[in-house]
Amino acid sequence: ITILTSSYAITFLGNIYSYFQKALRIFERKSIHEKKISADLQGHIILFGYHRFGPQIFKSLMKISKHIVVADINPEIVDRVRSKGIHAVYGDAYDTELLDRLNIAQAKMIVTTFPARNRNHFLITKVREVNKKAKILAVADDLAEALYLYEAGADYVVLPHYLSADYVSAMIEKVHKKKANFKSFRTQHIRLLKKLARG
């Protein structure tokens, strides 16, 4: 029974969550939930998920706009991001009330950093219902998922595994042509990892 029902539950998780959203609110961290979004959300950028690629992407987004809101499901990350003076809110992309509070209808760009097929599809669909102009960038684990998100209305879908493969291929070619060596790549990579670890 659980095998049969779990696949449907995962597929329709967004709709199920929306139905039980108010009843489930008693389990949320009240102190975070009650904090209101105070910024004037017009022509803003929403970054869903900060932990994975968030810090690097955020720096690039800052060159486009100063009106950026970070939304993350991890309250510890939200607190850490807020401590840096970044506008951040706690919430899930499945939360339709959060999407309303984030004013997705007036957003100019929405970026997700999590490769979650159904969650990304739900978010993209909800945005496209009220906002045809916003640019939507999403992340996918495989080719089928990427095509699925493109069909839903994503403007660009990133495939981290394929990007990594392209980077490694280019690195090997540079070493082979003696334009670089693994020691220099190693040094650069360790420096980057330490920088990211510091947050």
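Summary table below
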| read-out | value |
| --- | --- |
| Trypsin sites (Lys or Arg not before Pro) within the range 44-138, DSSP loop, no more than 16 other Cβ atoms inside 10 Å | Arg52, Lys63, Lys66, Lys84, Lys108, Lys132, Lys133 |
| Percent accessible area from carbon and sulfur atoms, the range 63-199, protein chains only, probe 1.4 Å | 56 percent |
| Using θ = phi - 60° and Karplus 6.51 cos²θ - 1.76 cosθ + 1.60, couplings along the range 117-133 (whole Hz; Gly, Pro as x) | 3, 6, 5, 5, 4, 4, 5, 4, 4, 5, 5, 5, 5, 10, 8, 8, 8 |
| When each of Lys66/Lys126; Lys63/Lys174; Lys135/Lys174 is checked by Cα-Cα distance, pairs over 26 Å | Lys63/Lys174; Lys135/Lys174 |
| Formal net charge of residues neighbouring Ile172 (Cβ-Cβ distance under 13 Å; K, R +1; D, E -1) | +2 |
| Euclidean distance between Cα centres, the range 102-136 to the range 164-198, Å | 33 Å |
| Space enclosed by the convex hull of the alpha-carbon atoms of the range 110-199, per residue, Å³ | 120 Å³ |
| Cut-off under 5 Å, modelled amide H: who pairs with Val158 long-range | Ala138, Val139, Ala140 |
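The values are calculated or read from the model by the stated rules, or taken from the named source; none is laboratory data. Every value quoted in this text rests on a predicted model; they were computed, and no experiment measured them. Glycine also receives a Cβ, built like all others from the backbone with ideal geometry; neighbour counts cover every protein chain displayed. Only protein heavy atoms, including side chains, enter the accessible area calculation; ligands, DNA and RNA are left aside. Shrake-Rupley method; radii C 1.70, N 1.55, O 1.52, S 1.80 Å.
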